[in-house]
1. For Arg428 and Asp191 in one chain, what is 0.36 nm times their gap in residues minus the Cα-Cα distance, to one decimal in nm?
2. Normalise the Debye intensity by I(0) for region 260-358, one equal point scatterer per Cα, no solvent, then take log10 at q = 0.11, 0.12, 0.25 Å⁻¹ and round to two decimals.
3. With only Lys, Arg, Asp and Glu charged, each at its Cβ (+1 for the first two, -1 for the last two), find how big the charge dipole of the chain is about the Cα centre; round to the nearest 20 debye.
4. Rounded to the nearest 0.05, what FRET efficiency do Gln357 and Val467 give with R0 = 30 Å and r taken as the Cβ-Cβ distance? Could you check?
5. Kindly give Rg over Rh for region 70-113, based on alpha-carbon atoms, with the Kirkwood expression for the hydrodynamic radius.
6. Just name one of Pro131, Pro157, Ser294: the one whose Cα is farthest towards the positive end of the charge dipole of the chain (beta-carbon charges, Lys/Arg +1, Asp/Glu -1).
7. Can you list the lysines whose alpha carbon sits under 30 Å from that of Lys233, skipping same-chain ones fewer than 8 residues off?
8. Using only Cα atoms, find the angle between the long axis of helix 51-64 and the longest principal axis of the chain, and express it within 0 to 90 degrees, rounded to the nearest 10.
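Every number in this text was worked out from the coordinates using simple rules, so none of it is lab data. Because the structure is a prediction, the values reported are computed rather than measured. Here Cβ is always computed from backbone atoms with ideal geometry, including for glycine, and neighbour counts include all displayed protein chains.
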Amino acid sequence: MSFPSVLRSVVTRHRRYEHRADLAQRAPDPPRATNVGGMARPRVVIVGGGFAGYHAAHKLVRLARGRADITLINPTDYLLYVPLLPEVAVGVLEPRQIAVSLTAALPGVRLVLGEANSLDLKENRVHYTDPEGGEGHVKYDRLVIALGSVNKLLPIPGVADHAHGFRGVPEALFLHDHMVRQLEMALTESDPGECTARCTFVVVGAGYTGTEVAAHGVQFTDMLAKQKKTPIKPQWILLDLAKRVLPELDERMSKDAHRVLEERGVEVLLGTSVQEALFDGVRLTDGRYIPTRSLIWCVGVRPDPVVEDLGLPTDKGRIVVDEFLNVPGHPRVYAIGDAAAVPDPQHPGRATPMTAQHAVRHGKQVAHNIAAEYGTGKRKPYRHRDLGFVVDLGGIDATANPLGIHVSGIPGMVVTRGYHLLSLPGNRIRVVGDWLLHALLPRQAVQLGLIRGPEVPLNNAAPELPVRPPTPARTR
């Protein structure tokens, strides 16, 4: 057989394989499998592959032991470990190290790539749009809604146009390139005012995210300024209306973070926020005007706006559930994570905060309760006990309070990184490898140009995906 004939044969076989794989990927509902005895296996559909959805699927696979078909609908094929996102923005970690493959981590779970957009509660169907614009649906016997959250918006003039959030890999990659670009452009500015504006970075929100972004960011830009010999030292400003940094945490942790920020030259303005955002600067509520090209929005999160369109009862944008994580009046439907207003047993009348710790626990608890419906154990109400919190401040600085024991500095960093490694579902060795390389070698500070500003608007409903020009819709 001639070489061209062999090549045509290989290509034909490859195309047939791709076609079969494509059909398997896109089939909305595979034939229902049966358990021993001929009973049809229940279909459990989980919408959202964040902390809550991932841990629900992971736990349910172990509890169901093949007695249920589990489907996970998610816009991406990975779980993003958000707590380490600041280290991606400053070049310590590669993006893929904190993106854990859902198919590899969840054997036995069928992954459907798509964004859920509506529910048919009568027909028990979830309708979704796939990454290429195609429409599909999946039927369920039990549904778990774990849609997560997006950037919180405030009605402040200009913020939606000129600020960028920090919730997904696209935003972290954009911020990395943006910091490098501003300092490189400052080198060629003839106007001292323009040079100062490009070297000024304003972070709004002194909670977890904003504090870590400012702490890591100032180290990164100081390093860049030395490498590139920028004529002006970069300036970072952290704003918050609260009376202290990290207002939701222990006061000792707040003092640790404030001290580290000030030692690095970050200007912390408390009781202050943005009154108006413009292209070339921000006006603050205290009357000051700060020339800048960098407004980083970290004021918190809000439930995914899709939640409001699902036809389920909500409270402040979160789906109302009982102590068993079940939606009242809809026995087949559960909601967990940031999308759910889960009653907090430690604070009657309030819902659990939108944190990763609660999302993980919600996921495990809902898996237990669904398994109980099919004969494994008994349903239990949601209970929790805080194990402590960790805040990574970059370098050898961190603050933590595991089990209420306060630690900071190097001991705090050991606890913080140990916690993250234990919490990561995968890629632990890769993350440790990047940490070691960062400790031994200088960071590479170049623009990759993968994400542009218009692709990561603050009001993006799916921060894990950049906004691209629409593609022609397809139907199945």
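1. Length gained, Arg428 through Asp191: 80.7 nm.
2. Taken in order of the listed q values, log10 I(q)/I(0) reads -0.56, -0.62, -1.27.
3. Here the size comes out at about 1940 debye.
4. Between Gln357 and Val467 the formula returns 0.50.
5. On the way: Rg = 12.1 Å, Rh = 11.3 Å.
Using only Cα positions, Rg/Rh for region 70-113 is 1.07.
6. Selected residue: Pro131.
7. Result set, ordered by chain and number: Lys243, Lys255.
8. That works out to roughly 30 degrees.
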